[in-house]
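The values are calculated or read from the model by the stated rules, or taken from the named source; none is laboratory data. Quick caveat: nothing in here was measured; it's all calculated off a predicted structure. When we count neighbours, we look across all protein chains shown, and the Cβ atoms used for this are built from the backbone with ideal geometry, even at glycine. Protein only, heavy atoms only, side chains kept; ligands, DNA and RNA dropped before computing areas. Shrake-Rupley method; radii C 1.70, N 1.55, O 1.52, S 1.80 Å.
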Amino acid sequence: MSAFNGTYVFEVPTSSVFSQLQPLLNFMLILLAATLLVIGLIAFFATRQMVNPLVDLSNKARRYANGDFSQKANITRSDEIGLLANSFNNMVDQLSTFYQNLESRVATRTEGLRTSLEIGQQAVASATHNEIFQKTVDQVTEKLGYTYAAIYSLDSAGKNLRLVADSSKVSEGLPQRNLVLPLDNTSLVGWVA
């Protein structure tokens, strides 16, 4: 046999090739569409699972900042979002306690100022200095609950203090009226003055 040096050329009509590829192409397009749909659904639900708790927490923080102190985060997760919700609840508890303590202190101070104002108003309604002094110490022991209150006056030389008014809930061991104390450290009143 002799060797044949030649080229073979086959001619296949394109319609024949494409007719066999068409079902495969359709299957691949359907598979691509289904894959994109599944990926889209997974992305939607995963994003929703992550974003909704953060949006809810953000809304609760905004309502809390606007004065609704009943806001608490619902902790249903143990991941980072659950940790964030737990931290938010701890912050809410601490701020609520701080706010209540602050309101209580403000109310106490306001009551103290109101009482001081009442004492001052009642005292200045008197005609003489001695009446003003006496009403002041009486009101201090009565309204502020002190056991003893006294007013000392500085003499014209500026060297001695004289007891001009006092009031007490006890009757024993009280200083005598017109008691004179030197303005020095020999007595507590003289040292403080």
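Out of the stretch 83-123, which residues are closer than 30 Å to N59 by Cβ, among the aliphatic types (A, V, I, L, M) and open to solvent by less than 60 Å² (accessible area, probe 1.4 Å)?
Result: A85, V92.
Can you name the condition, by its number, that S126 falls short on among (1) at pLDDT 85 or above; (2) surrounded by 12 or more Cβ atoms within 10 Å (Cβ to Cβ)?
Going through (1) at pLDDT 85 or above; (2) surrounded by 12 or more Cβ atoms within 10 Å (Cβ to Cβ) one by one, S126 breaks only (1).
Out of the residues in the stretch 139-182 meeting the condition of being out of contact with any Phe, Trp or Tyr (no Cβ under 9 Å at 6 or more places or on another chain) and of a type in the set (A, V, I, L, M, F, W, C), tell me which one is nearest to G120 (Cα to Cα).
That would be L144.
So which pairs qualify, if the first residue must be in the stretch 168-193 and more than 14 Å from A149 (Cα to Cα) and among the hydrophobic types (A, V, I, L, M, F, W, C), the second must be assigned to a strand (DSSP E or B) and open to solvent by 80 Å² or more (accessible area, probe 1.4 Å), the Cβ gap must be under 6 Å, and the two must be at least 6 apart or on different chains?
V180/R162
Could you count how many residues in the stretch 152-167 are closer than 30 Å to E111 by Cβ and surrounded by 17 or more Cβ atoms within 10 Å (Cβ to Cβ)?
The number of residues fulfilling the criteria is 6.
When residues of the stretch 33-64 are filtered for being of a type outside the set (K, R), closer than 30 Å to E103 by Cβ and either touching a residue at least 60 places away in the same chain (Cβ under 8 Å) or open to solvent by 80 Å² or more (accessible area, probe 1.4 Å) (or both), how many remain?
0
How many residues are touching a helix residue (DSSP H, G or I) at 6+ places or on another chain (Cβ under 6 Å) and open to solvent by 40 Å² or more (accessible area, probe 1.4 Å) if we restrict to the stretch 170-191?
Selection size over the stretch 170-191: 4.
Please find, among E103, E118, the residue that is more than 22 Å from the chain's Cα centre (by Cα), assigned to a helix (DSSP H, G or I) and more than 30 Å from N185 (Cα to Cα).
E118
Determine, yes or no, whether I75 is of a type in the set (V, I, T) and open to solvent by less than 70 Å² (accessible area, probe 1.4 Å).
no
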